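See below for the structure under consideration.
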Amino acid sequence: MELQFLGIGILSWITFLPIVGMVLLLMIPKTNENAMKWTAALFTFGQVVLAVVIYFAFNRGMTGINSLEGMQFVEKATWIDIKSVPWFGRILIEYFLGVDGLSVTMVLLTALISFLAVFASWNIEKAMKGYMAMLLLLDTGMIGVFVSLDFFLFYVFWEVMLLPMYFLIGIWGGPRREYAAIKFFLYTLFGSVLMLLAMIALYFSVTIPDPMTGEKIHTFNMLAMMNPANFEPGSILAGLGTYWRHLAYIALFIGFAIKVPIFPFHTWLPDAHVEAPTAISVILAGVLLKMGTYGILRISYPMFPELAQWYALPLAILAFINIVYGALAAMAQKDFKKLIAYSSISHMGVVLLGMAALNTQGMMGAVFQMFNHGTITAMLFLIVGVLYDRTHTRDLDAFGGLAITMPKYTGIMSVGFFAALGLPGLSGFISEAFSFLGAFQTFRYITIASTLGIVLTAAYMLWTLQRVFLGQPNEKWAGLPDINGRELFTLVPLAVIVITLGIYPSFMLDLMTSSLNHLVGIVVSNGGAVAIVP
Amino acid sequence: MVEQILESLSRFLPETVLVGALCLAILSDLVFRQNRGIAPLIALGGLFLSLYYVTEQAGVSQQIFSGMIVVDPFAVFFKFLIGVTAILIVLFSFYSSEVQSTQKRIGEYFSLILALTLGMYLMAGAVNLLMMVLAIELTSLTSYILAGYTREAPDSSEASLKYMIYGALSTGLMLYGISILYGLTGATDIYGINASIAYNGVNEVTLLIAVILILVGFGYKISAVPFHFWTPDVYEGAPVTITAFLSVASKAAGFAMMIRFFRVSFIDLTPGGFPDEMWVLLQGIEWNKIVAIISVLTMTLGNLVAVWQDNLKRLLAYSSIAHAGYMLMGVVVLSNAGVAAVLIYFMVYLFMNLGAFYVVMLVANKTGKEDIDSYKGLGYRSPIVAVSFVIFLISLTGLPPTAGFIGKLYLFAALFEAKWIWLAVVGALNSVVSLYYYVRVLRNMFLRDPAEDKSPIEFSTAQIVVLIALVIPTILFGLYFAPLVDFANASIVMFGVR
C-alpha cells in the first residue's frame, strides 16, 4: 500500500508537515500573533487530515512488526551509506518509515493531540512565536518516533523531542519550571544514553547480506534486528538469554521505563506535569508517556523475545506497583494537576500489566489503553486547564459546587472523569477490562491485587468530583464564566472519541488485532515468525 | 644530498609559506607603521595559501629531511584541521575588541599566530624525538606569549606565567623520558625505536618509566588529568581567540603527536606480524589500561568541575578537558577504528567548540562580561546568537541531530568493537553530567529575564555570517556524516604503518 503526494510518501508528509509549518511560522512578524496561531493550527490540522486518510487506507489484515511485507505506507531510502574499510564494515543507515497495527494507533493519537494542543495554547502570554515553533518541532519528533523503522532514525527523533520539551516547560511553565524542566531533561537523557549503548551493541551483532553482492553489512534496520538468524554467531548479543543480552535488555528497559514512567523512575513526572502549561501537560501525558511502552513493544519485545518472557513477572510486579502506588499517591494530592499526574502513573500501570501478560487479549488491552489513556488524560488536563485559567489555583479544597456556576463544564468533565475510572460504556473500561482479562490468565494473583487500583481510582476520582463540583458553592467563584467555545472545541472531539470507542471499540481494535497477534507469536516462539490464530 | 633537500623542500611548502608569511607580517609591521591593517591580511593570505598546499599533499606518503618529518595522510589531516582553525581564529580576531584594542602590537599578534600554526604543523608530522621536542617548544613558547598578549589584564599575565611554569616542568619531564628512551634503544626516530624494541628487546621497567615521562608531555598538551591544572586559568586569562585556538588546534596537535608516537613505536610493524590492535611491543605492560584510567579521570573531573563554574571561559575550559577525555577513549582502543573515531571527533569538535568560544567572544565584546549571569535573557536580546549557542552546546553534549552526536557515536562504536564496553558506559554517563552545565547556559539565555539591560544586542552582518558558517556544519554533519567518515577513514594512514 502506497500513498504519495508530489512523489513523497504520506508518512513523510505527516512527519515533516509541522517542520514546514515551523519554518513558515518563524517568518511571521513578531506582532502578528493571530497569524502564528492559525499557521500552527493549519499545519496540525493538515496532519489530522493525513491521519484520517491513513486510518481509512490502513489495511486491517496486515501484520507488520517484523515483516517488511506486513508494513504499510513503507518508505525506504538510503540515507547514509559508508563503504566498508578493512577495519570497519559498511555502514548503512536508512530512511525507513512504515506503520503497522502497533504504530498506527499512536500516529492517529499524536496527530489529534497535537492539533488540540494548539487550541489549548491559544492564550499563551509570552513569546507566542517561540512557543508554537517548539510545539511544531516537538510534533515532528513525536510522529517520527512512531513511524521510524530504522533504529538510528528512531533515536534521532527520540532525542529531537528533548530540547523543545525542555523549553516548553522551562519558559512557559509554572513557578518551579526550571527545576521541572531540567529534571525532565536529565532523566530522559540518562535513559536515552543507555538506549544508545544498547543500540550500538545491537548494531554490531546484526548483519544482513547485501542483496547485490552478498557482502555482510551491519544495519540499524529494526526488522533485521528482530530476526534471530541475523545475529552474527560470536557477536556480543548473539544467542539467547546470555549475560550481555540481559544487560542490553535492562539498558533498553530503563530508557523506556523513564518515559512511561515506571516506578521507581517516575519522580520527574509529577514535577513536569504540574509545572508545564496545560497544552504541554496534554502532550506529555497524551503522547510522550506512550513512547515508553511503545518502545518496549516495538524494540525490546521482538528483539529480545526470550527476555520478554523472562522479565514478564518482574514487569507485572512493577505494573502492580504503578497501579496501586499511583492511585494511592493520587488520592493524597491537594493539587488538581498533580492528582491527574499520579493517576497517569496508575493508568500506565494497566498498560504494563496487559503487556506483561504476553497474550493477545492483554496486548490488545495494553495498546488500546495507550490510546485511551492518551485521549482521557488529555481531557482531564484540559479540564484542569479550563479551571486554572479562570481561577489561577489548582487547590482542590478551594472549590465547591461548581456544577451550579459552570453546568456545561461539569457535563463534559463528567465524561472524562467517568472514563478515567473505567465506567462501562466509555473507552477506558474496554481497555482496562482487556488488560486485566489477559493478565489474569498469566498472573492470577498479581492481577487480582491490581484490581484494587480500580477501586482506588473510583475513590479518588469521585472524591475529587465531589469536592470540586458538588457541595456548597464557594462564594469566591460565584461569577465564574462557563466553558467557552474554544475550550469546548478542544474537549468535545475527545469526548466523542471516548464515548464512541466505549460503545464500539472495534473502530480501533480492528487496526491492531493482526499486528498484535503477530507480536505475541514472535515473543512466545522466541523470535520465530509463527503467528497465533486468535 | 642537495637533491634530497630540494625534494624535501618541495614537500615542505605549507610550512615554508607560513614562515614566509611570518617574516612578511613582521616586516610590514615595521614598515607600515601607519597602516596596521596589513599584517592581519598577510596572515590570512598566508594561511589560505598554506592550506592550499596542505590539500595538495593529499595522498602523499613519504619521509622528508632525512626522516625528521613525514608527510602522510594522517599528518595532512591534522594540518588541514589546524589550518582551518587558524583561519577561523584570524577571522574571529578581526571582530574581537580584546585584540583590536591593542592596535599598536597587532602585527605581533598575527605573526605569533602564524608561528603557532607552524609549530603545530610540525607537531603533526614529526617522527623524530628531537623534532618532536622542537615542535612542542615552538608551539609552547608562542602560546605562552599569546596567552599573555593582553598585558593590561592582570589575569592574562598570570595565565601566561602559569602556563609557562607548567609547560617548562612537563617539557623537562618529557625530555628526560626521551633521553631514557634514547639510551634504551639508541635511536631518536620512532621507526628506529620500534625496530630496536622489536629485535633487541629492552628492559621493561625502564621502558615503562620512559614512556610514562613522555606521556606527561603529551598529557600536558592535551590537558589530560592530572596534567590539566594550567588549563582553566590559561583559558580564562588568555584572550578568547587564543583560548579557542588552544582548545582546538593545540589539542589536535598534541593528539596527533601522541597517537603517532604510540602507534609507530609500539605496534608490530613487521610484515605478517600481529594485528594492529595489539600493542605487542609493550607486552606485560597494559598500556591501554593506563590510558583508559586517564581518560575516565579526565572526562569525569572535567565534567564534574565544570558544573560549578560561573565564568563561561572556565566552563568551556573544563568542558574541553572533558572532551579530551572522550577522545582519549579512542586512543585506548588505538585500532584503526579508534583512531578514525578520534579524527571524526576532532572535525566535529572544531566547529562546535570554536562556535561556542566565538559566541562567548561576541557577547563579551558587547557586554564586557564572561560570567554566566550576563547571559540572562540573551535569547530575547539577540535570538540568532543565542539559538546558535544552543546548537553548539547541544552538539557539545552529543545530542542528535547535531554533529557532536556523530562524534560520540563513532567513539562508542570503536569501543564496542574492541569490547571496551565499561568505558563506553562511563563515557555515556558523562555526557549526561555534561548536559547539566551546558543547560545552565541555556537556562540563563532563555528561561531567565535579562538582569538590568534589556535592550537588544546588535551584531554586524559579517559577524553573523561567520557564526552561521559554524552553525551549518554543526547541524549538517549531524544529519549527513558520510563525507566526514570517509575523510577520516582515508586519513588514518600513517607512514610506515600497515
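The values are calculated or read from the model by the stated rules, or taken from the named source; none is laboratory data. These numbers were taken from a predicted model, which means no experiment stands behind them. Note that we place each Cβ from the backbone using ideal geometry, even for glycine, and neighbour counts take in every protein chain shown.
Quick notes on this structure:
- All positions within region A:433-466 that are surrounded by 17 or more Cβ atoms within 10 Å (Cβ to Cβ) and over 24 Å from A:Ala316 (Cβ atoms): A:Met461, A:Thr464, A:Leu465
- Of all residues in region A:470-522, exactly one satisfies the criterion of being of a type in the set (Phe, Trp, Tyr) and either in contact with a strand residue (DSSP E or B) (Cβ under 6 Å, 6 or more places away or on another chain) or modelled with pLDDT under 85 (or both), namely A:Trp477.
- Residues that are outside any loop (DSSP other than H, G, I, E, B), farther than 26 Å from B:Phe477 by Cβ, more than 7 Å from chain B (Cβ to nearest Cβ) and not charged (D, E, K, R), drawn from region A:156-194: A:Leu168, A:Ile169, A:Trp172, A:Tyr179, A:Ala180, A:Ala181, A:Phe184, A:Tyr187
A quick yes/no check of all residues on (1) over 17 Å from A:Ile91 (Cβ atoms); (2) out of contact with any Phe, Trp or Tyr (no Cβ under 9 Å at 6 or more places or on another chain); (3) surrounded by fewer than 22 Cβ atoms within 10 Å (Cβ to Cβ):
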| site | (1), (2), (3) |
| --- | --- |
| B:Phe389 | yes, no, no |
| B:Ile394 | yes, no, no |
| B:Leu399 | yes, no, no |
| B:Ala403 | no, no, no |
| B:Ile406 | no, no, no |
| B:Val426 | yes, yes, yes |
| B:Leu429 | yes, no, yes |
| B:Val432 | yes, no, yes |
| B:Tyr437 | yes, no, no |
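- Single residue of region A:164-192 satisfying the filter (without any contact (Cβ under 8 Å) to a residue 24 or more places away in the chain and touching a Leu at 6+ places or on another chain (Cβ under 7 Å)) that is surrounded by the most Cβ atoms within 10 Å (Cβ to Cβ): A:Phe185
- Filtered residues of region A:296-311 (kept if over 21 Å from the mean Cα position of the chain (by Cα) and part of a helix (DSSP H, G or I)): A:Pro305, A:Glu306, A:Leu307, A:Gln309, A:Trp310
- When A:Val104 is tested against (1) more than 13 Å from chain B (Cβ to nearest Cβ); (2) among the β-branched types (Val, Ile, Thr); (3) within 28 Å of A:Thr31 (Cα to Cα); (4) not in a loop (DSSP other than H, G, I, E, B), just one condition goes unmet, and that condition is (3).
- Which listed residue is buried (at least 18 other Cβ atoms within 10 Å of the Cβ) and at pLDDT below 85, from A:Gly385, A:Gly400: A:Gly400
- Any chance B:Leu411 is closer than 28 Å to B:Glu98 by Cβ, buried (at least 24 other Cβ atoms within 10 Å of the Cβ) and under 22 Å from the mean Cα position of the chain (by Cα): no
- When residues in region A:5-18 are screened for being surrounded by fewer than 18 Cβ atoms within 10 Å (Cβ to Cβ) and either touching a helix residue (DSSP H, G or I) at 6+ places or on another chain (Cβ under 7 Å) or farther than 16 Å from A:Ala77 by Cα (or both), 3 of them pass.
- Number of positions in region B:14-65 that are under 15 Å from B:Leu112 (Cβ atoms) and loosely packed, with under 15 Cβ neighbours inside 10 Å: 1
- Scanning region B:453-498 for residues that are within 12 Å of another protein chain (Cβ to nearest Cβ), of a type in the set (Gly, Ala, Ser) and out of contact with any Ser or Thr (no Cβ under 9 Å at 6 or more places or on another chain) yields a count of 4.
- Subset of region A:27-69 (residues that are of a type in the set (Asp, Glu) and assigned to a helix (DSSP H, G or I)): A:Glu33
- When A:Tyr155 is tested against (1) within 23 Å of A:Leu92 (Cβ to Cβ); (2) free of Cβ contacts under 8 Å to residues at least 40 places away in the same chain, exactly one condition is not met: (2).
- Listed here are the helices (runs of 4 or more DSSP H) enclosed by region A:254-295 that have at least 3 residues being within 21 Å of A:Glu178 (Cβ to Cβ) and in contact (Cβ under 8 Å) with a residue 60 or more places away in the chain: A:268-275, A:278-283.
- On inspection, B:Pro450 fails the criterion of being assigned to a loop (DSSP other than H, G, I, E, B), in contact (Cβ under 8 Å) with a residue 40 or more places away in the chain and facing chain A (nearest Cβ under 9 Å).
- Cβ-Cβ distances below 8 Å connect the following pairs, each with a first residue in region A:489-506 that is on the phi < 0 side of the Ramachandran plot, a second residue that is surrounded by fewer than 15 Cβ atoms within 10 Å (Cβ to Cβ) and modelled with pLDDT under 90, and a separation of six or more residues or different chains: A:Ile499/A:Gly425; A:Thr500/A:Phe507; A:Leu501/A:Phe507; A:Gly502/A:Pro424; A:Gly502/A:Gly425; A:Ile503/A:Gly425.
- Restricting attention to region A:143-155 and to residues that are more than 15 Å from A:Gly255 (Cα to Cα), away from chain B (no Cβ under 11 Å) and in a helix (DSSP H, G or I), the residue that is farthest from the chain's Cα centre (by Cα) turns out to be A:Val147.
- Within region B:337-370, the only residue that satisfies the criterion of being under 16 Å from B:Ser382 (Cα atoms), surrounded by 24 or more Cβ atoms within 10 Å (Cβ to Cβ) and hydroxyl-bearing (Ser, Thr, Tyr) is B:Tyr358.
- Every residue from region A:48-80 that is within 14 Å of chain B (Cβ to nearest Cβ) and touching a helix residue (DSSP H, G or I) at 6+ places or on another chain (Cβ under 7 Å): A:Ile80
- Scan of region A:214-250 for residues that are more than 14 Å from chain B (Cβ to nearest Cβ) and part of a loop (DSSP other than H, G, I, E, B), ordered by number: A:Gly214, A:Glu215, A:Met226, A:Asn227, A:Pro233, A:Gly239, A:Leu240, A:Gly241
- Summed over region A:488-512, the residues that are outside any helix (DSSP H, G or I) and surrounded by 14 or more Cβ atoms within 10 Å (Cβ to Cβ) give a count of 1.
- Hey, B:Tyr182 among the aromatic types (Phe, Trp, Tyr) and either touching a strand residue (DSSP E or B) at 6+ places or on another chain (Cβ under 7 Å) or farther than 29 Å from B:Ile492 by Cα (or both) or not: no
- Per this entry, B:Val441 is not counted among residues that are within 11 Å of chain A (Cβ to nearest Cβ), of a type outside the set (D, E, K, R) and under 30 Å from A:Phe184 (Cα atoms).
- Entry remark, region B:371-419: residues being among the small types (Gly, Ala, Ser), facing chain A (nearest Cβ under 9 Å), in a helix (DSSP H, G or I) and closer than 25 Å to A:Leu196 by Cβ number 2 in total.
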